[in-house]
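Okay, structure first, notes after.
The values are calculated or read from the model by the stated rules, or taken from the named source; none is laboratory data. All figures in this text were calculated on a predicted structure; none of them were measured in a lab. No Cβ is skipped: glycine too gets one built from the backbone with ideal geometry, and neighbour counts run over all protein chains shown.
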């Protein structure tokens, strides 16, 4: 186990959605390394179980759960499973997300609705169902949502995705105001260019639209706008995740913390 010294983190029961790969897997793995009991949750059953097994093999306490964040009953089942498996729910990471790119005038309501259901409605369900469990426990808790720099500045070719992340910003603030009386904090963190499979989807969409001509072209272009000179690896979000899950962040709520290497200034 690592010894980062995050106050009160060891022993926390954490749920991470979208944990089969990318940022979610990086966060869940780091939490397990820090001594948390972690539920790796994702729609991809085999992949999420593999991620949890890797955490267990490294000495962590981890279990997996197949969840569809667009269905309230599924999210409620996830929360119940966490409480039954590890005895409580202390921290909920609403990380699951999808993307879609196309010209603004070509954005179809079918694609807009699909992105909104996962990125927006999924976060609402995650906040609500986690909060119900935390309130019943009477011990407070932490809810952390994965946002994006796209939740602070919009791009015309990703209008649906950006809109969904603005929803995450709003739900973070609304949730913080609603749940403070229960000693539950609600925050989000906003990556910029994270080197995850989501960029493969973005580049595929851009190539189909004739906006780029080869793989890696979009990433290189975005990296030009990063002050620190490169995109981030999934594992590099573990620090902010542990901080927001620990007692060190008890006086922070309703905030979106930019973790983007200097892409967006607020």
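Residue by residue, here is whether (1) part of a helix (DSSP H, G or I); (2) over 24 Å from residue 152 (Cβ atoms); (3) touching a helix residue (DSSP H, G or I) at 6+ places or on another chain (Cβ under 9 Å); (4) modelled with pLDDT of 70 or more holds:
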site: 203; (1), (2), (3), (4): yes, no, yes, yes
site: 207; (1), (2), (3), (4): yes, yes, yes, yes
site: 219; (1), (2), (3), (4): yes, no, yes, no
site: 229; (1), (2), (3), (4): no, no, yes, no
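Listed here are the residues, each with its yes/no results for (1) in a loop (DSSP other than H, G, I, E, B); (2) buried (at least 16 other Cβ atoms within 10 Å of the Cβ); (3) in contact (Cβ under 8 Å) with a residue 60 or more places away in the chain.
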| residue | (1), (2), (3) |
| --- | --- |
| 52 | no, yes, no |
| 59 | yes, no, no |
| 62 | no, yes, no |
| 70 | yes, yes, no |
| 84 | no, no, no |
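Among the residues of segment 86-105, those identified as outside any strand (DSSP E or B), more than 14 Å from residue 42 (Cα to Cα) and either free of Cβ contacts under 8 Å to residues at least 60 places away in the same chain or touching a strand residue (DSSP E or B) at 6+ places or on another chain (Cβ under 9 Å) (or both) are 86, 87, 88, 89, 90, 104, 105.
Rundown of residues vs (1) at positive phi; (2) under 16 Å from the mean Cα position of the chain (by Cα); (3) at pLDDT 95 or above, yes/no style:
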site: 5; (1), (2), (3): yes, no, no
site: 10; (1), (2), (3): no, no, yes
site: 19; (1), (2), (3): no, yes, yes
site: 27; (1), (2), (3): no, yes, yes
site: 39; (1), (2), (3): no, yes, yes
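You will find that of 238, 254, 192, the residue that is modelled with pLDDT of 90 or more and either within 15 Å of the chain's Cα centre (by Cα) or closer than 20 Å to residue 118 by Cα (or both) is 238 and no other. The set of residues from segment 30-50 being crowded, with 24+ Cβ neighbours inside 10 Å and either in contact with a strand residue (DSSP E or B) (Cβ under 9 Å, 6 or more places away or on another chain) or over 21 Å from residue 189 (Cα atoms) (or both) comprises 31, 32, 36, 38, 39, 40, 41, 42, 48. Exactly one condition in (1) farther than 24 Å from residue 237 by Cα; (2) within 18 Å of the chain's Cα centre (by Cα); (3) in contact (Cβ under 8 Å) with a residue 24 or more places away in the chain is not met by residue 74; state its number. Single failed check for residue 74: (3). Evaluating residue 171 against the criteria (1) more than 16 Å from residue 117 (Cβ to Cβ); (2) in contact (Cβ under 8 Å) with a residue 24 or more places away in the chain leaves one unmet condition, (1). Residue count for segment 161-185 under the criterion of being more than 16 Å from residue 96 (Cβ to Cβ) and in a helix (DSSP H, G or I): the result is 15. Based on what the data block shows, is residue 159 under 19 Å from residue 72 (Cβ atoms), in contact with a helix residue (DSSP H, G or I) (Cβ under 7 Å, 6 or more places away or on another chain) and surrounded by fewer than 23 Cβ atoms within 10 Å (Cβ to Cβ)? So residue 159 fails the test. Please tell me if residue 180 is at pLDDT 70 or above, closer than 25 Å to residue 7 by Cβ and buried (at least 19 other Cβ atoms within 10 Å of the Cβ). Here the answer is no, as residue 180 does not meet what is asked.
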